[in-house]
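Enquirer: My questions will all concern the structure given below.
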Amino acid sequence: MLKVGVLGAGHLGKIHLRLLNESDKYDLIGFYDPDEINAQKVAQEFGYTYFENMNLLMDSVDVVDIVTPTLSHFDCAKKAIEKGKHIFIEKPITNTLKEAEILLELVSKHGIKGQVGHVERFNPAFSSVKDKIETPMFIETHRLAEFNPRGTDVPVVLDLMIHDIDVILSVVNSPVKQINASGVSVVSSSPDIANARIEFENGCVANLTSSRISLKNMRKSRFFQKDAYISVDFLEKKVEVVKMKDAPENPGDFDMILQNAEGIRKQIYFENPEIEANNAILDELETFADAINNNTTPIVSLEQGTNALRVALQIIESFKQ
């Protein structure tokens, strides 16, 4: 069991604390939170050990789980890495690209592992079809959320859209060629609604829409590729897989057959991948433990977290143009 300490005991920090406490891959040593009143309350309510000194907590563990506001990610991670501790860091990896690049240099220098909390990679709906997504050429995503004052200190791109950016980068094996985007501030000082069009060098186009002032929640992505359409509902944890193959010589009465202008006939059929229920946050934390113990690359590496941040910041920069 890896000794772990959590930095930050806010909404998400408390979830991490509970799951790490339940996990048989970690030994939860304690947590640190700069808000002493909140920290004492969490310690009394749940029985976790509260460390009044962040350095003391870091010295007592193998893994530091950083669930603090984005602005403090870099300082917390740098301190942990320099102490030789593995780091799990919530998304976005850091506040600036320069900070993320410094962390990449530091983990390489100190020979430790890091993972970024892009939790949608562990969503059971996405997990059930990710191997079926092969060279998509058009992707459309909608991530809409009802208004919540928590998180409005950052643009909607870093708050919501970055989830879809990370998922898209994980399935499109091509460099980004061009980005066009627009964002609108409605209730916050930073954009609350954003749309981005990402063009990749291999010809793939991704169209992303995010809003945090919608009347209903939605988290859907659609992937179009040669002879296949794949829809992933991250919220409802459902998938649709529609495929095409050459039509048989003598189709059955219930076979769905399409014929194009050139006379080419295709049969449409549906696949229903099995979706295994899971706790995505627990999965991302436990697969990180596996990566440390087996000396393998974490599923969402710091490099991938940096790439997602790079694209997100390019989108925000595109607003200004």
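Enquirer: What's the Kirkwood radius of segment 257-321 in Å, using all Cα pairs? Show your work: numbers first, answer last.
Expert: Numbers: mean 1/r = 0.0595 Å⁻¹.
Every distinct Cα pair counted, the radius reaches 16.8 Å.
Enquirer: Ranked highest first by average number of other Cβ atoms within 10 Å, how do 98-111, 293-306 line up?
Expert: 293-306, 98-111
Enquirer: Cut-off 10 angstrom, C-alpha nodes, Gaussian network model of the chain. Which of Ala289, Ala277, Ala77 fluctuates the most?
Expert: Ala277
Enquirer: Right, something else. Please list the radius of gyration and Dmax for segment 1-69, considering alpha-carbon atoms only, with Å as the unit.
Expert: Both quantities, over Cα of segment 1-69: 10.6, 30 Å.
Enquirer: Could you tell me which of rounded, prolate or oblate describes the chain, using a ≥ b ≥ c as the square roots of the eigenvalues of the alpha-carbon gyration tensor, with rounded for a/c under 1.5 and, failing that, prolate when a/b is larger than b/c and oblate otherwise? Present the calculation step by step, with values, prior to reporting the outcome.
Expert: Details: a/c = 2.06, a/b = 1.73, b/c = 1.20.
The shape class here is prolate.
Enquirer: Can you bin segment 167-223 into rounded, prolate or oblate? Criterion: square roots of the alpha carbon gyration tensor eigenvalues sorted a ≥ b ≥ c, rounded for a/c under 1.5, prolate for a/b above b/c, oblate for the rest.
Expert: Numbers: a/c = 3.33, a/b = 1.76, b/c = 1.89.
Note, shape of segment 167-223 comes out oblate.
Enquirer: Jot down the per residue volume, in cubic angstrom and as a whole number, of the convex hull over the alpha-carbon atoms of segment 137-239.
Expert: Values: hull volume 9.6 nm³, N = 103.
Expressed per residue, the convex hull around the Cα atoms of segment 137-239 is 93 Å³.
Enquirer: By how many nm would the segment from Glu140 to Glu199 lengthen if fully extended, with 0.36 nm per residue of separation less the alpha-carbon distance? Can you show the working numbers first?
Expert: Values: separation 59, 0.36 × 59 = 21.24 nm, distance 1.22 nm.
Fully extending the segment from Glu140 to Glu199 adds 20.0 nm.
Enquirer: Can I ask one more? Between segment 126-179 and segment 1-43, what is the separation of their alpha carbon centroids in Å?
Expert: 28
Enquirer: Straight-line reach from Lys243: which lysines fall under 24 Å, measuring Cα to Cα and dropping same-chain residues less than 8 apart?
Expert: The qualifying lysines are Lys130, Lys132, Lys220, Lys226, Lys266.
Enquirer: Okay, moving on. Go ahead and collect, in residue order, the members of segment 110-124 whose backbone nitrogen is under 20 Å from a label point 7 Å along the Cα-Cβ direction of Asp290.
Expert: The answer is 113-124.
Enquirer: In square angstrom, what is the accessible area per residue of segment 1-130 with a 1.4 angstrom probe?
Expert: Numbers: 5540 Å² over 130 residues.
Averaged over the residues of segment 1-130, the accessible area is 43 Å².
Enquirer: List the lysines whose alpha-carbon lies under 30 Å from that of Lys79, not counting same-chain residues fewer than 8 positions away?
Expert: Candidates past the 8-residue exclusion: Lys3, Lys14, Lys25, Lys41, Lys91, Lys98, Lys109, Lys113.
Enquirer: Sort segment 1-121 into rounded, prolate or oblate with this rule: let a ≥ b ≥ c be the square roots of the eigenvalues of the Cα gyration tensor; rounded if a/c is under 1.5, and if a/c is not under 1.5, prolate when a/b is larger than b/c, oblate otherwise.
Expert: Numbers: a/c = 1.61, a/b = 1.48, b/c = 1.09.
In terms of gyration-tensor shape, prolate.
Enquirer: When only alpha-carbon atoms count, how far does segment 174-318 stretch along each of its three principal axes, as whole angstroms with the largest first?
Expert: Sorted largest first, the three principal extents are 59, 43, 35 Å.
Enquirer: I've got another one for you. Picking from Pro34, Pro124, Pro251, which is most flexible by a Gaussian network model of the chain using Cα springs under 10 Å?
Expert: Result: Pro251 has the largest fluctuation of those listed.
Enquirer: Under 5 Å between amide hydrogens, which residues at least 5 positions from Asn95 or on another chain qualify, with H placed 1.01 Å from N in the peptide plane?
Expert: Here the answer is Phe74, since their amide H atoms fall under 5 Å of that of Asn95.
Enquirer: Viscosity 1.306 mPa s, temperature 10 °C: Stokes-Einstein D of segment 48-207 from its Kirkwood Cα radius, in µm² per second? Display every interim value, and only then the final one.
Expert: Numbers: Rh = 17.8 Å.
In µm²/s, the coefficient rounds to 89.
Enquirer: Leaving ligands, DNA and RNA out of it, report the carbon-plus-sulfur percent of the accessible area of the chain at a 1.4 Å probe.
Expert: Numbers: 7480 of 15830 Å².
After summing per-atom areas, the C and S share lands at 47 percent.
Enquirer: Continuing with this model, one more query. First measure r as the distance between the Cβ atoms of Ser60 and Glu276, then evaluate 1/(1 + (r/R0)^6) with R0 = 35 Å and state the FRET efficiency to the nearest 0.05. Don't jump to the answer; show the numbers that get you there.
Expert: Details: r = 35 Å, r/R0 = 1.00.
Efficiency, rounded to the nearest 0.05: 0.50.
Enquirer: Want the number for Glu240 to Lys226: 0.36 nm per residue separation, take away the alpha-carbon distance, what's left? Walk me through the numbers on the way to the answer.
Expert: Working: separation 14, 0.36 × 14 = 5.04 nm, distance 1.58 nm.
Contour length minus the Cα-Cα distance gives 3.5 nm.
Enquirer: Using only DSSP helix segments of four residues or longer, with each worth -39500 (n - 2.57), what per-residue ellipticity at 222 nm results for the chain after dividing by its residue count and rounding to 500? Walk me through the intermediate numbers first.
Expert: Values: 9 runs with 103 residues, N = 321.
Mean residue ellipticity, 222 nm, calculated: -10000 deg cm²/dmol.
Enquirer: I've got another one for you. Mind listing which trypsin sites (Lys or Arg not before Pro) in segment 174-258 are in a DSSP loop and have 11 or fewer other Cβ atoms within 10 Å? Each step should come with its number before you reach the end.
Expert: Values: sites: Lys177, Arg197, Arg212, Lys216, Arg219, Lys220, Arg222, Lys226, Lys237, Lys238, Lys243, Lys245; in loops: Arg212, Lys216, Lys226, Lys237.
Of the trypsin sites (Lys or Arg not before Pro), the ones in loops of segment 174-258 whose Cβ has at most 11 other Cβ atoms within 10 Å are Lys216, Lys226.
The values are calculated or read from the model by the stated rules, or taken from the named source; none is laboratory data. Remember, predicted model here, so these are calculated numbers, not experimental data. Cβ: placed from backbone, ideal geometry, glycine included. Neighbour counts: every protein chain shown. Just the protein is used for accessible areas: all its heavy atoms, side chains included, with ligands, DNA and RNA removed. Shrake-Rupley method; radii C 1.70, N 1.55, O 1.52, S 1.80 Å.
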